[in-house]
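Asker: Encoded as structure tokens, here's the structure I'll be asking about.
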Amino acid sequence: MDLLTTSVATVESGSEPYTLVKLVGEADVTNSDALREVLDAEVAKQPRTLIIDLSGLRFMDSSALHVILRANRAMDREGGVVALASPRDPVAKMLRLTAADQLIPVFPSVSEAIAG
Amino acid sequence: MYHTYRSDLSQVRALVLQHAREAGLTEGRANDLVLAVSEVAANTLRHTRSSGTLAIWHDAEEIICEIHDAGTITDPLVGRRKPAPGASGGHGLWLVRQVCDLVELTSDADGTTVRMHMTLRPPGTAG
């Protein structure tokens, strides 16, 4: 089984469609290139909102964080928004320590991220 | 406990978590130590072409994880400056210094050793 699996959905329900990327497993330097490819492909479609569901992520290191920050910059340039949803405690703590949570909003759940 | 790693950081993290729990670290601080060791071990993969070694031991006071690899760090203040939010690098060793109780870093032409300490009974806790 892969250390990190990603699944992507484009959700049309409600007033605003959004892209949901769900990460499951452990995100680190050994799979950050693969994560970058997944996020780059979605960012290139220029969605207005990209929500990254972190609920299944047991671990995230600074390499994965840099990939997410990079996607956030690219989305920002195109007028889009990235939101992070339901990080587990260790991931939430590293987002706080790196102040990444000041750049990218972090929500307790995907539904709250959709509501913005 | 000694462990040699080349690319399997998940195994490195599992070993640290297991030993941290056995030593009696709380779950939150065990996860802090896992993050710190994983960040240092990731530098082995980023900056060297050889394997690294992980050593873990503890006594009544603290648990220590030591990473050694063939890399050389020339910046004496590495990890001591807070990266700007959104910076595209520099978070790894910053995180290590934030979450560990003590970090000792020695580096020369022969390689780099990073020793990460976590106190088992932090000041202010019972016992």
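Derivation of every value follows stated rules applied to the coordinates shown; laboratory data play no part. Quick caveat: nothing in here was measured; it's all calculated off a predicted structure. In this analysis, Cβ positions are derived from the backbone assuming ideal geometry, glycine residues included, and neighbour counts consider all displayed protein chains.
Asker: Relative to the longest principal axis of the C-alpha atoms of chain B, give the angle of the C-alpha long axis of helix B:27-47, reported between 0 and 90° and rounded to the nearest 10°.
Answerer: Taking the Cα atoms of chain B, the angle to B:27-47 is about 20 degrees.
Asker: While we're here: Under 8 Å for C-alpha pairs, at least 6 residues apart: give me the relative contact order for chain B, rounded to a whole percent.
Answerer: Rounded, it is 26 percent for chain B.
Asker: While we're here: Would you mind checking the tilt of helix B:9-23 against the longest principal axis of the Cα atoms of chain B, expressed as 0 to 90 degrees and rounded to 10?
Answerer: 30 degrees
Asker: Next question, about the same structure. State the answer as a single residue: which of B:Val96, B:Cys65, B:Leu15 lies farthest towards the positive end of the charge dipole of region B:2-119, with beta carbon charges of +1 for Lys and Arg and -1 for Asp and Glu, about the Cα centre.
Answerer: B:Val96
Asker: Find which of A:Ser63, A:Thr10, B:Thr106 sits farthest along the positive direction of the dipole of the protein assembly as shown, computed with +1 on the beta-carbon of Lys and Arg, -1 on that of Asp and Glu, about the Cα centre.
Answerer: A:Thr10
Asker: Within 10 Å of each Cβ in B:85-97, how many Cβ atoms from other chains are there, averaged over the peptide?
Answerer: Mean partner-chain Cβ count within 10 Å for B:85-97: 5.
Asker: Counting other Cβ atoms within 10 Å, which trypsin sites (Lys or Arg not before Pro) in region B:1-109 have at most 15 and lie in a DSSP loop?
Answerer: Sparse-neighbourhood loop trypsin sites (Lys or Arg not before Pro): B:Arg6, B:Arg49, B:Arg80, B:Arg81.
Asker: Return the average number of partner chain Cβ atoms within 10 angstrom of each residue Cβ along peptide A:101-113. Present the calculation step by step, with values, prior to reporting the outcome.
Answerer: Numbers: counts 1, 2, 3, 2, 0, 0, 0, 0, 0, 0, 0, 0, 0.
Mean inter-chain Cβ contacts per residue within 10 Å come to 1.
Asker: Run a plain Debye calculation on chain A (Cα atoms as equal point scatterers, no solvent) and give log10 I(q)/I(0) at q = 0.15, 0.17 Å⁻¹, rounded to two decimals, same order as the q list.
Answerer: Listed by q, the Debye log ratios stand at -0.58, -0.76.
Asker: Can you bin every Cα-Cα distance in region B:2-119 into 5 Å intervals starting at zero and give me the percent of pairs per bin, rounded to whole numbers?
Answerer: 2, 12, 24, 25, 20, 12, 5, 1
Asker: Then there is this: Which value results for Rg/Rh of the protein assembly as shown when Rg is the Cα radius of gyration and Rh the Kirkwood radius based on the inverse mean 1/r? Intermediate values should be presented prior to the final figure.
Answerer: On the way: Rg = 18.7 Å, Rh = 18.8 Å.
Over the Cα atoms of the protein assembly as shown, Rg/Rh equals 0.99.
Asker: Quick one: order B:Trp57, B:Trp94 by neighbouring beta-carbon count within 10 Å, fewest to most.
Answerer: Fewest-to-most Cβ neighbours within 10 Å comes out as B:Trp57, B:Trp94.
Asker: Identify the trypsin sites (Lys or Arg not before Pro) of region A:60-116 meeting these criteria: DSSP loop state and at most 15 other C-beta atoms within 10 Å of the C-beta. Mind showing how you got there, number by number?
Answerer: Details: sites: A:Arg70, A:Arg73, A:Arg77, A:Arg88, A:Lys93, A:Arg96; in loops: A:Arg88.
Here the sparse-neighbourhood loop sites are A:Arg88.
Asker: Sticking with this one: Name the longest site-free stretch of chain A, where the excluded sites are GluC sites (Glu not before Pro) in a DSSP loop with no more than 13 other beta-carbon atoms within 10 Å. Don't skip to the end; give the middle numbers.
Answerer: On the way: sites that count: A:Glu12, A:Glu78.
The answer is A:13-77.
Asker: Take every residue in peptide B:33-40, count the Cβ atoms of other chains within 10 Å of its Cβ, and give the average of those counts.
Answerer: Working: counts 0, 3, 9, 0, 0, 8, 6, 0.
Whole-number average of other-chain Cβ neighbours for B:33-40 is 3.
Asker: Can you tell me the FRET efficiency between B:Ala55 and A:Ala9 if r is taken as the Cβ-Cβ distance and R0 is 51 Å, rounded to the nearest 0.05? Intermediate results must be reported in sequence, preceding the final value.
Answerer: Values: r = 44 Å, r/R0 = 0.86.
Result of the calculation: an efficiency of 0.70.
Asker: Just from its helices, what would the mean residue ellipticity at 222 nm be for chain B, if runs of 4 or more DSSP H residues each count -39500 (n - 2.57) and the sum is divided by every residue, rounded to the nearest 500 deg cm²/dmol?
Answerer: Dividing the helical sum by the residues of chain B leaves -11500 deg cm²/dmol.
Asker: Would you list, by chain and number, the aspartates and glutamates whose Cα falls below 17 Å from the Cα of A:Lys45, excluding same-chain residues fewer than 8 positions away?
Answerer: Reachable aspartates and glutamates: A:Glu12, A:Glu16, A:Glu37, A:Asp76, A:Glu78.
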